[in-house]
Amino acid sequence: MRGPSADRHAPGPLTKDKLHTRRQFAALEAGQHPLSLRLPEPVALHPEAAPVDDPAAGGRRCGTCRFRRLAGRGASGPKCAHEAMPVPRGATTDCRAWWPACIHHEPKEGQ
């Protein structure tokens, strides 16, 4: 599983992607879901969300949420389909499976 430390402190020049990753971690550390960066209002993490700094720890994660799904043709990756998370397409709005879950998390059937 790719997790928090994979890109956070990657060596080399500060690219657009690395800068975005740092902003996502800042949001997580502030108790906000990373997709909040693309929304008008911040979305809090779920009270039972997995810890930010341990991708192997238990707790709720986006990867176990029923709203995480592929967004159809032209989508770059999985998106959050919850009505409170109207994010545009593009790699910056991909919903990472390891992310701690937001307050809208609902477990997938059977999980």
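Worth a mention:
- Answer residue from the range 77-108, given it is in contact with a Leu (Cβ under 9 Å, 6 or more places away or on another chain) and farther than 11 Å from C62 by Cβ and is modelled with the highest pLDDT among those: I103
- Residue match in the range 64-76 (condition: at pLDDT 90 or above and in a loop (DSSP other than H, G, I, E, B)): yes
- Residue match in the range 68-84 (condition: surrounded by fewer than 17 Cβ atoms within 10 Å (Cβ to Cβ) and in contact with a His (Cβ under 6 Å, 6 or more places away or on another chain)): yes
- Under the condition of being more than 16 Å from T92 (Cβ to Cβ) and of a type in the set (S, T, N, Q), the residues counted in the range 27-55 number 0.
- Residues of the range 18-71 satisfying the condition of being over 13 Å from W98 (Cα atoms) and in contact with an Asp or Glu (Cβ under 8 Å, 6 or more places away or on another chain): K18, T21, R66, F67
The values are calculated or read from the model by the stated rules, or taken from the named source; none is laboratory data. Just so it is clear, the model here is predicted, and its values are computed rather than measured. Glycine also receives a Cβ, built like all others from the backbone with ideal geometry; neighbour counts cover every protein chain displayed.
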